[in-house]
Amino acid sequence: MITGPDYPHEVEVIAVDGPGGSGKGTISQRLAEHLGWNLLDSGALYRLTALAVIKNNVDPKDESGLQSMATAMDIRFEVCGSHTRALLDGSDVSDRIRLEEVGVLASKIAAIAGVRAALVERQRRFRQPPGLVADGRDMGTVIFPDAKLKIFLTASAEIRAQRRYKQLKDKGESVNLTRLFREIKARDVRDQSRRIAPLRPAEDAVIIDSTNLNIEEVFNKVCGIV
Ligand code: DC
């Protein structure tokens, strides 16, 4: 149940969930811009938490230590034009949170109940007028179960690995497609099989498979539904 002044539940939410590489990040950002709504990149929140774990030398197995750290940490998002900066303790870590090892640690600590509990409030505070596009794994199932529209974007692991490969290559990073594919599969298993808030479509979600669609085609499909 979402109540209280911090959660104006009359503000509409569009939840966009799905596995990494499904295109949900790009689609959510474009949709938020198109509608003039706020954007929550909840994956970035988990990535910032992972970075805070590294910075503060917290043992990733120490559940209560992780929960207190995630409750107290100083993380912020700052919108600069079309770009959003992610800040940890006031420093811009927008690039660092995108590193593969940070994503892997984010996925591991995201399976811990105390960490997820600490981030619930922080995520719901993004629900502000005129509306919110919420991008993640459990936006439609746990964080905003009353979202007006729930989209679950998916694609085969092969195509997601190829997209990620191209992204990293374009950034000049040296990457191995087979390794990326293995990591994506491992992350899928971890995100789907965890006990709390596993990655799965909400019962009332519209499922879009982007395996054979380019980003423009997905965006047009989503806009049609919206
Ligand atoms: O979307 P992403 O790759 O930036 O997310 C990084 C990890 O964070 C992902 O592997 C699982 C976790 N995550 C989550 O558990 N719940 C969310 N709502 C968003 C991300």
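Here are a few things to note about the model shown:
- Residue count for the range 186-198 satisfying the condition of being surrounded by 18 or more Cβ atoms within 10 Å (Cβ to Cβ) and assigned to a loop (DSSP other than H, G, I, E, B): 2.
- Taking the numbered list (1) surrounded by 14 or more Cβ atoms within 10 Å (Cβ to Cβ); (2) of a type outside the set (Asp, Glu); (3) not in a helix (DSSP H, G or I) in turn, Asn57 passes all entries but (1).
Matching residues to (1) of a type in the set (Ser, Thr, Tyr); (2) closer than 20 Å to Asp138 by Cβ; (3) out of contact with any Ser or Thr (no Cβ under 8 Å at 6 or more places or on another chain); (4) at pLDDT 95 or above:
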site	(1), (2), (3), (4)
Ala72	no, no, yes, yes
Val79	no, no, yes, no
Leu87	no, no, yes, yes
Gly90	no, no, yes, yes
Ile97	no, yes, yes, yes
Val104	no, yes, yes, no
Lys108	no, yes, yes, no
Arg116	no, yes, yes, yes
Val120	no, yes, yes, yes
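- Filtered residues of the range 95-136 (kept if in contact with a Pro (Cβ under 9 Å, 6 or more places away or on another chain) and more than 23 Å from Ser64 (Cα to Cα)): Arg127, Gln128, Pro129
- Residue in the range 100-141 that is surrounded by the most Cβ atoms within 10 Å (Cβ to Cβ), counting only those that are under 19 Å from Val53 (Cβ atoms), of a type in the set (A, V, I, L, M, F, W, C) and more than 11 Å from the ligand (Cβ to nearest atom): Ala118
- Flag if Gly140 is in contact with an Asp or Glu (Cβ under 6 Å, 6 or more places away or on another chain) and of a type in the set (Gly, Ala, Ser): yes
- Enumeration of residues in the range 142-173 that are away from the ligand (no atom under 16 Å from the Cβ) and touching a strand residue (DSSP E or B) at 6+ places or on another chain (Cβ under 9 Å): Asp146, Lys148, Leu149, Ser156
- Where a residue in the range 68-85 is within 17 Å of Leu40 (Cβ to Cβ) and its partner, wherever it lies, is in a loop (DSSP other than H, G, I, E, B), with Cβ under 7 Å and at least six apart: Arg85/Ser94
- Filter result (under 15 Å from the mean Cα position of the chain (by Cα), among the basic types (Lys, Arg) and more than 12 Å from Ile14 (Cβ to Cβ)) within the range 129-166: Arg137
- Residue check, Ala86 under 23 Å from Ser68 (Cβ atoms), within 14 Å of the ligand (Cβ to nearest atom) and part of a strand (DSSP E or B): yes
- Number of the condition not met by Ala197 [criteria: (1) within 14 Å of the ligand (Cβ to nearest atom); (2) in contact with an Asp or Glu (Cβ under 8 Å, 6 or more places away or on another chain); (3) modelled with pLDDT of 90 or more]: (3)
- Here Gly36, Gly25, Gly20 are screened, and the one residue that is over 22 Å from Asp92 (Cα atoms) and within 16 Å of the ligand (Cβ to nearest atom) is Gly20.
The values are calculated or read from the model by the stated rules, or taken from the named source; none is laboratory data. None of these values were measured; they are calculated from a predicted model. Virtual Cβ from ideal backbone geometry, glycine too; neighbours counted across all protein chains shown.
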